[in-house]
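Every read-out reported here was derived from the displayed coordinates using simple, explicitly stated rules and does not represent laboratory data. It should be emphasised that the depicted structure is a prediction, and the values quoted were computed from it without experimental measurement. Cβ atoms come from the backbone with ideal geometry, glycine included; neighbour counts cover every protein chain shown.
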Amino acid sequence: DRSRKVSFVGTAQYVSPDLLQNRVDTRASDLWAFGCIVYQMISGLPPFYAATEFLTFQKILKTDYEFPEGFPADAKDLVEKLLIVDYSKRLGANDTGVTYESIRQHPFFADIDWENIWEQTPPTISPNLEEYRIPEHLEPGLGKDQIMRLWEFDLSTSRG
């Protein structure tokens, strides 16, 4: 079944450009998603978001994202090295084995004791949302779900 070969399951905001361009899914696709997750954990929002999945995918293909004010420099460097369209140039893409040494050695993880990580208490993470405040009083309008439902209507019916 051809449709099954070109479909994917997952969060639209984390889909790598490789998958959108019908390339083979590789470990580097996971590195892209990891970059998106790091970005969202720190900022509170995904790096790529738009009103529809199609527009989100367009932003991904153009790597159209910005860092909010206050985004830590080491985290920014890590994300920039993961959100690269050419999957072979992503940090960790050429690592062998399963430990991703190049990622472990990145300054963002400098305080991590990888040998004893399972015994440590996880740090508290609070998103930096200063630049991304949600308005208190939203005006009525169409959200992503409403737009997706409208796309399902066939507006090309003819009257005879």
Note to self: C-alpha centroids of segment 66-121 and segment 23-45 sit apart, in Å, by 11
Separation between the residue 88 and residue 49 pseudo-spin-labels, each 7 Å from Cα along Cα→Cβ, expressed in nm?
3.5
Estimated inter-spin distance, residue 95 and residue 71, nm [label 7 Å along Cα→Cβ]
2.1
So for the pair residue 64, residue 109, with labels modelled 7 Å out along Cα→Cβ, what separation do we get in nm?
3.2
